[in-house]
Amino acid sequence: MPDDESKQGVSRREFLKISAITVSVPAVIGPTVLEVGGEEIPVYGPGKTPITLTVNGRRYTADLEPRVTLLDALRDSFDLTGAKRVCDRAECGACTVLLDDRPVYACAVLAIDAQGRNISTVEGITSGDALHPVQHAFVANDAQQCGFCTPGFVMASYALLKHNPNPSPEQVAKGLGGNYCRCGTYYGMRGAIGQMTGQRSTVGLPQSEVLTDRETDRPTDQGGA
Amino acid sequence: MADYKWPDAQHRTLIGTRQSRLDGPVKVSGRAKYTYDQNPKGLLAGAILRCPHAHAKVVSVDTSAAEKIPGVKAVQVLQGPGKEVHWAGDEIVALAAINEGIAEDALRAIKVQYEVLPHFVDDATEPKSAAEETGPLALDDLINMFSNQVPEPQISSTVQKRGISFPVTDDLVKRMRSFNVGENVIKALQSAPQKSPESTRSPFKKSAVNVTGDPDQAFKTAEATSEGLYGVPVITHCCLEAHGVIAHWPDAEHLETQVSTQNVCGMPDQIAQALTGIGIPISASNIRNRQQHVGGGFGSKFAADRWSLAAAQLSKKAGGAPVKIMLDRRAELEVAGARPSAYAHVKLAAKKDGAITAWDSQSWGTGGPLGGNMPPIPYIFTEIPHQRKQHISIATNIGPARAWRAPNHPQAAVLTMCAIDDLAARLGMDPFDVFLKNLPLTPRANVYEAELRKADELMQWKKRWHPRGDESSGPMKRGLGLSIHTWGGRGHQGAGDLTIHPDGTVEYRSGTQDLGTGTRTAIAMVIGETLGLPLNAITVKIGDTNFPHDGGSGGSTTIGAVSAESRRAATDALNELLAKVAPTLGVAPDQLEALYGTIRVKDTQGKSITWKKACSMLGATGVTAHGQNPDPSKPPDLTNSGVGGAQMADVSVDVETGIVRVNKMVAVQDCGLIINLKTAESQCYGALIMGISYALFEEKIMDPTTGRMLNPNMQFYRLAGYGDIPELVVHMMTGPGYDERGVIGLGEPPVVSPGAAISNAVANAIGVRVPFLPITPDRVLAALEKKGGAA
Ligand code: FES
Ligand code: FES
């Protein structure tokens, strides 16, 4: 299924257009290589160009215009819709994926530039149907409501903990500071990160909530209504 | 007929426990498919050309160049020559193309000429010279009077004096009666002179003065008075999943839609009416709408909206192919949701002991091109004996208002609770005591008292409170503030079907939706509780108009509805099952109960059969029961209305930079019987965070010159982030006195108080009121300067 997209070639007209403006016509459709100041720079487009991405360890190919972002390629061409498009200009973090293990805004990376890198998305950190411990902690601490920001936060948390398994509260704030949630689920996230790092006594969070997700004790109050 | 009630505390196994939401795993793994994520075969990308002017008339539209672009499949003019546009970003042309890039190229090729008209976007400046309205009342004015509880004799005389500009239809009379409007008012309306509406040029509409008691006298004889200016600007909803839709025609007569909505079952009617109105006749029963997940709504996603119709029109033109239109971030912030503003000068009169005797308010605000209503002030303290209120509604080109979580309440809370806090400061009293003192002026004094005392305990208010103005040295000033709030929240009318299959599986179907509030999970908990089964034994199917009709998720009406519906359906289905198995166990059906996966004889050890075995006696089709929550004219049984809450904020203000930081917030909240404690608490945590967001950061900033929003993006329309979140303490009031009231909604109420509580805490810290939200550094510094130096 991921490879289906490659069937469509560049049309003859676009091919001619490309040739007319390129320095040397490439043998296969792909970037033209320009030499600028002794450096070789690949130039793509203006029509569709075949691209290959390595996502969650798997190869995906498609013919895309050079203007297509990594986010849109993932979502529209490969049906990996976990990363969300919210602002489309590197402000909100809903599109967070990992590029060679570092979190990036997929809306601010061109698909052509992500070639040859290892991309991981929220779909890739589960093994089969088993959630990654970060994902499990998000569920157990109810760190999602509408859930639209959640994949981005899961990836930001995953990246943070991967590089720093024991972050200080300031480091957590920085690590998750590139993402926004409208429903206000940050408190659950604090519990989730606390659970992951073994800091059970997260500020203001009742012990029981961090530890279990099947808690049955209920605070009760006497009082009239 | 069965008697429907909730099990008492000793007999609950699931209700009231903390359960993780059932759709948590699909959400955290990115597998949850929202409207935005759907990618059906042959999908066309829809895009909309929007008006760049805040007020203009369309002169000409030329789409010919766009139509010629290869890959463009359909073009639809939405507002053609002659149409007047009242806000920037309004829809002019929609088109569909084979991909987004081509759609955007095509938008750029469209030529539209406008006659630019004067616009008005200033709602914060007090309109001083506005004259009182004397012309005939519009329907809106009448509704406004009802919602502000203007005394009925006053409504009747105003109606008679000014006349009306709308027909008093049978339907209207019926509606008024169902809301208990008095016969005298209805008579006055029916005999009122019919006049044609005045075409006023002024953007200001001043309501008649609304007087209770004798405010003049009360202010004259008051032992103390205080006055202040307060305000809440227009903010946006900023749903992370923008508004949008996918529409396609499987055949010429049928339309299928996936609207990102809070109102799955409301769509077919709305779309059918609108499409029929523009020459595409279709009946609602031929429209199927579906949605599994929605990325936020907060009140802004009830209507089908023009883009849903556009997608249907484009799909029709493109031979029925699916067309997806999702708003981009700019459009989402400019046109898809604005909370009305509210500003007011408020004066209070009181006795020396803090008892409030009179209220006087001059308020104004905008809800966009249609003006808007006065928020319900004085909020909660409705029984203040002497009152004078007058409101100026301002028509602006800011974009249309939409309901925003607890419509009008957060504004009313700021105008009221901040005024009371200022009165306390004036009297040199602790506002906690002044609030307690005046609770008899509220409808639920004993509940508020219990909640305030609990909040005090959790915040250590009494121990930590200091008089206004933190006297400690250094630039960081600390302060405490509080507020209380209310909401209705009775379950709406709706239904669901429950089937127990002969193999023991249980399936529930309802046209409701889960906004992230945990609706699915709550339904499964109620059914599991009723049938004595674990959560994972229940399949809950929602979000499809092919299922029984359920209401929209607004006004915190969902939990009361879905829990009542599923409880009824499960009770009826179980009773049928018990009747089938009773002979086997040799007792009457009413001697049986379903518990721990068995059907067993009550009060005896051992006599039971497994759930599976029992269900196998059901015959080939199993049993299906229909659960219907009755309409609001009937007395409620499983659900109820009316909740309260108290919140306290602890803030630090840096008087050198003006930056406010919230250190801690406490929310104490009642909402009747709680189904899922975990998601209920999440509603409160989320509301506190959303409250911090609008108290400190959010404002739809309009450019007076261009009439456009200056911050239609997420960099400058700032939401609270992870690092802004303080210690949060949530306490739900449960147990005797609360549980037996039934299930009541919770989405709205906890978001009401944070603005007022934080504003009061800032005033307590720095010694002076920052009049308007959001409390940004520049506003803090301006207030300090006016006061004459640092706190
Ligand atoms: S969509 Fe990429 S950062 Fe917002
Ligand atoms: S859960 Fe809704 S935006 Fe974060």
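Quick notes on this one:
- Matching entry among A:D129, A:D100 (being more than 23 Å from A:C183 (Cα to Cα), away from ligand 1 (no atom under 13 Å from the Cβ), in contact (Cβ under 8 Å) with a residue 12 or more places away in the chain and surrounded by fewer than 18 Cβ atoms within 10 Å (Cβ to Cβ)): A:D100
- Subset of the range A:69-78 [within 14 Å of ligand 1 (Cβ to nearest atom) and not in a helix (DSSP H, G or I)]: A:T69
- Applying the criterion of being among the small types (G, A, S) and more than 9 Å from ligand 2 (Cβ to nearest atom) to the residues of the range A:166-187, the residue that is surrounded by the fewest Cβ atoms within 10 Å (Cβ to Cβ) is A:S168.
- When B:K612, B:K634 are checked against the criterion of being within 43 Å of the chain's Cα centre (by Cα), outside any strand (DSSP E or B) and more than 30 Å from B:G737 (Cβ to Cβ), B:K612 stands alone in meeting it.
- Restricting the range A:149-185 to residues that are hydroxyl-bearing (S, T, Y), facing chain B (nearest Cβ under 9 Å) and closer than 18 Å to A:H136 by Cβ, the residue that is nearest to the chain's Cα centre (by Cα) is A:T150.
- Taking the conditions (1) assigned to a loop (DSSP other than H, G, I, E, B); (2) farther than 16 Å from A:T96 by Cα in turn, A:G177 satisfies each one other than (2).
- Residue in the range B:47-67 that is within 29 Å of B:N397 (Cβ to Cβ) and within 14 Å of chain A (Cβ to nearest Cβ) present: yes
- Scanning the range B:419-465 for residues that are at positive phi and more than 14 Å from chain A (Cβ to nearest Cβ) yields a count of 1.
- Whichever residue in the range B:294-317 is outside any helix (DSSP H, G or I) and surrounded by 24 or more Cβ atoms within 10 Å (Cβ to Cβ) and, among such residues, is farthest from the other protein chains (Cβ to nearest Cβ): B:A304
- Residue satisfying condition, being farther than 27 Å from A:Y105 by Cα and at the interface with another protein chain (Cβ under 7 Å from one of its Cβ atoms), within set B:M690, B:M702, B:M714, B:M733: B:M733
- Matching residues in the range B:488-520 - criterion: being among the polar types (S, T, N, Q) and crowded, with 23+ Cβ neighbours inside 10 Å: B:S510, B:T512, B:Q513, B:T517, B:T519
- The residue that is farthest from A:V139 (Cα to Cα), among those in the range B:23-46 that are surrounded by fewer than 21 Cβ atoms within 10 Å (Cβ to Cβ) and more than 10 Å from every other protein chain (Cβ to nearest Cβ), is B:G42.
- Selected residue (only one of A:G188, A:G198, A:G223 is facing another protein chain (nearest Cβ under 10 Å) and either at pLDDT below 95 or in contact with a Gly (Cβ under 8 Å, 6 or more places away or on another chain) (or both)): A:G223
The values are calculated or read from the model by the stated rules, or taken from the named source; none is laboratory data. Computed from a predicted model, the values in this text were never measured in an experiment. We place every Cβ from the backbone using ideal geometry, glycine too, and count neighbours over all the protein chains shown.
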